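Participant: If you scroll down you'll find the structure; I have some questions about it.
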Amino acid sequence: MFMQLIASGIAVGSVYALVALGMTVLFRSTTVVNFAHGEFFMLGAFSVLVALQLFGWSYGAALLFAVAALFVVGIAIERGLMRPLQHAPHVSLAMMTVALSFLLRGVARFFYGREVIALPPILEGEPLMLGDVVLLPQDLLIIGFSFLVVLGFYWFFQKTRTGKVVQVASQTPRGALLVGIDVPRLRNVMWGVGAAMGAIAGILIAPSTLVYPDMGGHMLIRGFAAMTLGGFGSLSGAIVGGLALGVLENVIGGYVSSAMVEITAYLVILLVLIARPQGLLGEWRQGRA
Amino acid sequence: MNILQVEGLTVRFGGLVAVNDLSFSVRTGEVFAMMGPNGAGKTTAFDAIGGFVQAAAGAVRFEGKPILGLAPERIAALGIRRTFQNNGILREMTVLENVLTGLELSTPSSLLGVVTGWPAAARAERSAVVRAREMLEQMEIGDLEERAAGDLSFGQQRMVEIARALVAGARLIMLDEPAVGLSPNERLHLGQVLRRLAGTGITVLLVEHVQDLVMAVSDQVLVLNFGRKLVQCPPEEVRQNEEVLEAYLGNG
Amino acid sequence: MTLSTTRPGARERDPAAAARRRALIVLLALLCLLPLAVNNYVQFVVNTMLVYCLVAVGFNVVLGYLGQLAFANAAFFGIGAYAAGLSMVHWGVSGPVGIALGGAAGAVLGFVVGLPALRVKGYYLAIATLAVGELMRWVYVHNDAITFGPGGFSLPELRLLGMTLDETLKYYVFLFVVTLAIAATSLLLRSRFGRAFVAIRNNERAAASLGIDGRRMKILAFVWSGMIVGLGGALFALLNGRVSPDTFGLSQLLMHFAIVMVGGLGSLAGSVIGAVLLTAAPEVFRNLPGLEEIVFSLMLILVIFFMPKGVGGLLSDAFPLLRERLYRRP
């Protein structure tokens, strides 16, 4: 049973890692903690639904649509809501993303009411048996895809020139500006990327969790917990934290009580902040405070 | 009578030694100036004495009591106040409120008294306002009372900060570059205020670059470089000192 | 050296303050006569406004004055409601005792939330306090024996001095509680404590150099905030006669944000105005799903962009007489 819990934990943890990664990307490039990130997750899933049901597109097309749509949404939000508030106090920015979160939730609720809809999995098929462990094809897809995304990120940030430029721009925006890097444009694109990542995470997990307007809020706190556990602001921390959280949830659910799964994330946040605020990989000691 | 004794104060930031085995004493009622090139460690020494930065070694005694390592609030309660180099002003409060905040420890209103509107508490608050106003008048900035502190000129803010530091009757006042940003007239006024303070038995320890002020006002000057004490002597002698000249003109 | 206008022991009479005091007394008198003019339904809405006045005022102490991103307001609200309701159901206490217990529970939770606030700030604190709120809701849902689980519970019939509390009687009780609470908070914020909060918000080092104990003052702000909002939660329970966990989640918090921002951070008068304005609204939007959220969030966004000082700030700028001593400048 233990191995099963670990395996399932890694599957769900990969999604947490993706969410946390998206949030960290946004945080590092714009120093804003995006309380609306869960809604990108939710809108990703809903976009697939809309494309399938309303437009009648194929699954593949719907997926592409969702990712592209959220990329555009991310860019629009940065341009329209975040950029004008660049120099405003933190309270205003935090409130803005909170308000945005509820706005998007309200819109989704307005159109879909109290329905809870199921999304068909991307990979159908029989569960696979690896020794004692049972995994659905969807789980493998999640793990595999997340792994690819993470790999892609590492390659981008560490190996490519653009990636290094992005790192510089986020660490010293003024210096980057001086050297001629288009920092506003970069921020804008990063928001699109972050939103798209949220959407991908939503699409991947929606088949298992069902699609409903509040699914974002649920995921937001998991994302926070992953970031806090791994080390707030650290890309590798987001991944490690996400996986660890997923495993932790499953293990606690399996050995302690299933009711506790829900609050594992909250407890993780509180415990980490009390005992070791910098998390496991503690890179970012003091963000915008 | 030595009101302040510093022995072997050493402060390290990682590998950098900001203050290196610094020792000096300040006599009651003195105006004691610390000078030195930028980065010499003056503000760091201030921070260590005031409890804002941890010292690696050394001892500091105020009126005979050891204070090194105490929290800043405790040190304030013992009778020491300071101003800050990069604005310790409370921007969003008015000038009067800034100075009132200086009376935090001297306003004997309890929480319960305040929220129930107990007359004694209200009286305590009112007399604090009176004291604050008197201090503003003394510093000749009474007309600024209702202005938001963040709106004032740098020089005016300095004055407010000093008024705030003085209002509670502290026995040792530590001023970190009080003359920066002041007009020549304001500097003159500041010098007069400092000498008057010293005359009343209050000890002033200041960090300052502006030589005229230091020379006109101080009883003792200590010159620092690279965290070490170069010389300590009366102001007139500093000018002639070879090492000091080299510190400022040569390697400093 | 003394000023000619101040004799030792003389009482400072500020004409503006005297005028304000008179206006408030008149307002209070008028408010006492209100039930004569309105029907039961409007009375219910007014009672709801009173509840949210407490919510906003309490929130303002921590968010507006102390300036900390503490998002635990819904948690304080919830624990006040649960403490009041459960004590009445399990122990049979009367309404006033229930209210007091609600305030006490809020104060205790305020202390608990205040402790991590000493270690972390900014976004970390925001996230941690959100987690506390959700944790509390889980506790309410999963302890059926005590808290009656996800369905919530109803309060017993409310009686005071032998009379059943109808909307009008509730109004007087609420008015009493709210007036006392706001008066006490106002006194607190105008005193050295309020100054200490703002000092810590502006420049914690400078505040420490003046002898202000940052840790104690932060805890005080949180405990006070928790108490006031907890009182509001208790009143809320009495108002609706029901308590259930889903009331105290993030949607509730959104409303709190909207009220405080519309009213103006750091403005007590603004909090009251914001509460009045925004409680009147939801009735219209209850029917369509999501509409309430959309309206409130849009309002919040618009306020952040165009009116960051809120109504309270605008009024302070327009009428110096109304100027509160310490208002937040964004």
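The values are calculated or read from the model by the stated rules, or taken from the named source; none is laboratory data. Computed from a prediction, not measured in an experiment: that's the story for all the values here. Note: ideal-geometry Cβ built from the backbone for every residue, glycine included; neighbour counts use all protein chains shown.
Participant: For the stretch C:199-219: of the residues being more than 18 Å from B:F46 (Cα to Cα), within 7 Å of another protein chain (Cβ to nearest Cβ) and among the aliphatic types (A, V, I, L, M), which is surrounded by the most Cβ atoms within 10 Å (Cβ to Cβ)? Can you show your working first?
Facilitator: Filtering the stretch C:199-219 down to residues more than 18 Å from B:F46 (Cα to Cα) leaves C:199-202, C:212-219.
If we keep only those that are within 7 Å of another protein chain (Cβ to nearest Cβ) as well, we get C:199, C:202, C:212-213.
Next cut, among the aliphatic types (A, V, I, L, M) only: C:199, C:212.
Details: C:A199: 27, C:I212: 24.
Only one residue fits best here, namely C:A199.
Participant: Can we say C:F193 is assigned to a helix (DSSP H, G or I), more than 14 Å from every other protein chain (Cβ to nearest Cβ) and free of Cβ contacts under 8 Å to residues at least 60 places away in the same chain?
Facilitator: Numbers: assigned to a helix (DSSP H, G or I): yes; more than 14 Å from every other protein chain (Cβ to nearest Cβ): no; free of Cβ contacts under 8 Å to residues at least 60 places away in the same chain: yes.
Criteria not met by C:F193.
Participant: Before we move on, is A:A225 within 14 Å of the chain's Cα centre (by Cα), in a helix (DSSP H, G or I) and hydrophobic (A, V, I, L, M, F, W, C)?
Facilitator: Working: within 14 Å of the chain's Cα centre (by Cα): yes; in a helix (DSSP H, G or I): yes; hydrophobic (A, V, I, L, M, F, W, C): yes.
So A:A225 fits the description; yes.
Participant: A follow-up question, please. Can you name every residue in the stretch C:87-99 that is touching a residue at least 40 places away in the same chain (Cβ under 8 Å) and either surrounded by 23 or more Cβ atoms within 10 Å (Cβ to Cβ) or within 17 Å of C:L161 (Cα to Cα) (or both)?
Facilitator: Of the residues in the stretch C:87-99, the ones touching a residue at least 40 places away in the same chain (Cβ under 8 Å) are C:88-90, C:92, C:94-96, C:98-99.
C:M88, C:G92, C:S94, C:G95, C:P96, C:G98, C:I99 - these are the residues of the stretch C:87-99 that are touching a residue at least 40 places away in the same chain (Cβ under 8 Å) and either surrounded by 23 or more Cβ atoms within 10 Å (Cβ to Cβ) or within 17 Å of C:L161 (Cα to Cα) (or both).
Participant: Further, regarding this structure: Quick check, is C:L326 modelled with pLDDT under 80 and either assigned to a helix (DSSP H, G or I) or small (G, A, S) (or both)?
Facilitator: Working: modelled with pLDDT under 80: yes; either assigned to a helix (DSSP H, G or I) or small (G, A, S) (or both): no.
Answer is no for this residue.
Participant: Applying the selection to the stretch B:136-163, what residues are under 22 Å from B:A77 (Cα atoms) and in contact with a strand residue (DSSP E or B) (Cβ under 8 Å, 6 or more places away or on another chain)?
Facilitator: B:I162
Participant: Further question: Keeping to the stretch C:196-230, report how many residues are of a type outside the set (D, E), closer than 27 Å to B:I75 by Cα and part of a helix (DSSP H, G or I).
Facilitator: Taking the stretch C:196-230 first, the residues of a type outside the set (D, E) are C:196-203, C:205-212, C:214-230.
Keeping just the survivors that are closer than 27 Å to B:I75 by Cα gives C:196-203, C:205-212, C:214-223.
Still in the list and also part of a helix (DSSP H, G or I): C:196-202, C:205-209, C:214-223.
Residues flagged as of a type outside the set (D, E), closer than 27 Å to B:I75 by Cα and part of a helix (DSSP H, G or I) within the stretch C:196-230 amount to 22.
Participant: Please go through (1) more than 30 Å from C:T179 (Cα to Cα); (2) within 10 Å of chain C (Cβ to nearest Cβ); (3) touching a residue at least 60 places away in the same chain (Cβ under 8 Å) for B:Q138 and return the number of the only condition it doesn't satisfy.
Facilitator: Against the list (1) more than 30 Å from C:T179 (Cα to Cα); (2) within 10 Å of chain C (Cβ to nearest Cβ); (3) touching a residue at least 60 places away in the same chain (Cβ under 8 Å), B:Q138 comes up short only on (3).
Participant: Shifting gears a bit: Are there strands (runs of 3 or more DSSP E) fully within the stretch B:137-250 with at least 1 residues that are among the aromatic types (F, W, Y) and at positive phi? List them. Before the answer, list the steps.
Facilitator: Numbers: elements: B:172-176, B:203-207, B:220-225, B:228-233.
The strands (runs of 3 or more DSSP E) meeting that bar number zero.
Quick grid of which residues meet (1) farther than 13 Å from A:H37 by Cα; (2) modelled with pLDDT under 85; (3) outside any helix (DSSP H, G or I); (4) among the aromatic types (F, W, Y):
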{"residue": "A:G56", "(1), (2), (3), (4)": "yes, yes, yes, no"}
{"residue": "A:F65", "(1), (2), (3), (4)": "yes, no, no, yes"}
{"residue": "A:A68", "(1), (2), (3), (4)": "yes, no, no, no"}
{"residue": "A:G74", "(1), (2), (3), (4)": "no, no, no, no"}
{"residue": "A:I77", "(1), (2), (3), (4)": "no, no, no, no"}
{"residue": "A:G80", "(1), (2), (3), (4)": "yes, no, no, no"}
{"residue": "A:H87", "(1), (2), (3), (4)": "yes, yes, yes, no"}
{"residue": "A:A99", "(1), (2), (3), (4)": "no, no, no, no"}
{"residue": "A:F102", "(1), (2), (3), (4)": "no, no, no, yes"}
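Participant: May I pose another question? Among A:V261, A:V272, A:V268, A:V240, which is touching a residue at least 12 places away in the same chain (Cβ under 8 Å), over 18 Å from A:M23 (Cβ atoms) and assigned to a helix (DSSP H, G or I)?
Facilitator: On the way: A:V272 fails: over 18 Å from A:M23 (Cβ atoms); A:V268 fails: over 18 Å from A:M23 (Cβ atoms); A:V240 fails: over 18 Å from A:M23 (Cβ atoms).
From the options A:V261, A:V272, A:V268, A:V240, the qualifying one is A:V261.
Participant: Then there's this: Pull up the stretch B:37-58, narrow it to residues that are assigned to a helix (DSSP H, G or I) and of a type outside the set (V, I, T), then point me to the one that is farthest from C:I212 (Cα to Cα). I'd like the intermediate steps shown before the answer.
Facilitator: At the first step, the residues of the stretch B:37-58 found to be assigned to a helix (DSSP H, G or I) are B:42-50.
Checking which are of a type outside the set (V, I, T) leaves us with B:42, B:45-48, B:50.
Details: B:K42: 25, B:A45: 22, B:F46: 19, B:D47: 17, B:A48: 18, B:G50: 14 Å.
Top of the filtered list is B:K42.
Participant: Within the stretch B:71-122, which helices (runs of 4 or more DSSP H) (wholly inside it) include 1 or more residues that are in contact (Cβ under 8 Å) with a residue 24 or more places away in the chain and farther than 30 Å from C:V177 by Cβ? Walk me through how you get there before you give the answer.
Facilitator: Details: elements: B:72-77, B:95-102, B:111-115.
So the answer is B:72-77, B:95-102.
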